[in-house]
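Values quoted throughout were computed directly from the atomic coordinates according to the rules given, and no laboratory measurement underlies them. Note that the structure is a prediction, hence the values are computed from the model and not measured. We place every Cβ from the backbone using ideal geometry, glycine too, and count neighbours over all the protein chains shown.
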Amino acid sequence: MVTAPGRSIEEILAAARRRLRRLGPAEACAAMDAGALLVDIRPQAQRAAEGQVPGALVVERNVLEWRFDPRSRARLPQAGGYDQQVIIMCSEGYTSSLAAAALQDVGLHNATDLAGGFLAWAAAGLPVMPGGSPPLA
């Protein structure tokens, strides 16, 4: 039997999730009310098809670390520093786990993700609005 090099994506995802205290939709909503920043990393086509969460900051996945690293010249004004609670949201909660772990790698120790993603948020009956093309951060 030949052993494949590296780890499978399932192994990588499991390792990322072991580092996170993932939030369900109601917990994420309460955290937003308390000042946490919900960051939507879905591509524009998914946001348009599925809808959006009012108050979420749109930052597509390919620039996330640069926009939130406090040392980056490309960081956003909303990037409040290493202690900020940032909740990453994708469509179903897979990519967001990897992205939240990447933010932890740059020092944002309170980064986590929304378990189940946007679809779980919408299924929980939490506020959504039609998709569109808001300005990207």
Got a sec to turn the phi values of the stretch 55-63 into Karplus ³J(HN,Hα) couplings, 6.51 cos²θ - 1.76 cosθ + 1.60 with θ = phi - 60°, whole Hz, x for Gly and Pro?
x, 6, 8, 8, 9, 5, 4, 5, 10
Can you run phi through the Karplus equation (6.51, -1.76, 1.60; θ = phi - 60°) for the stretch 20-30 and list ³J(HN,Hα) in whole Hz, with x for Gly and Pro?
9, 9, 5, 10, x, x, 5, 5, 5, 4, 5
Here are some values of P(r) over Cα pairs in 5 Å bins from 0, in percent: (i) 2, 10, 15, 14, 10, 8, 6, 5, 4, 4, 4, 4, 3, 3, 3, 2, 2, 1, 1, 1, 0; (ii) 2, 11, 21, 23, 20, 13, 6, 2, 2, 1, 0; (iii) 2, 12, 21, 19, 16, 12, 9, 7, 3, 0. Which one was computed from this structure?
(ii)
Interchain or sequence-distant (5+) residues whose placed amide H lies within less than 5 Å of the amide H of ALA115 are LEU23, GLY24
How large is ³J(HN,Hα) for each residue in the stretch 109-116, as worked out from phi by the Karplus curve 6.51 cos²θ - 1.76 cosθ + 1.60 (θ = phi - 60°), to whole Hz, x for Gly and Pro?
5, 9, 6, 8, 9, 8, 4, x
Would you give the gap between the C-alpha center of the stretch 102-132 and the C-alpha center of the stretch 5-24, rounded to a whole Å?
16 Å
Could I have the simple spin-label model distance between SER72 and ASP105, label points 7 Å from Cα toward Cβ, reported in nm to one decimal?
1.2 nm
Please order MET32, MET89, MET129 by the number of other Cβ within 10 Å, starting at the fewest.
MET129, MET32, MET89
Taking SER8, SER91, SER97, SER72 and counting other beta carbon atoms within 10 angstrom, the fewest-first order is SER8, SER72, SER91, SER97
Long-range HN-HN contacts of LEU38 with modeled amide H, under 5 Å
LEU57, ILE87
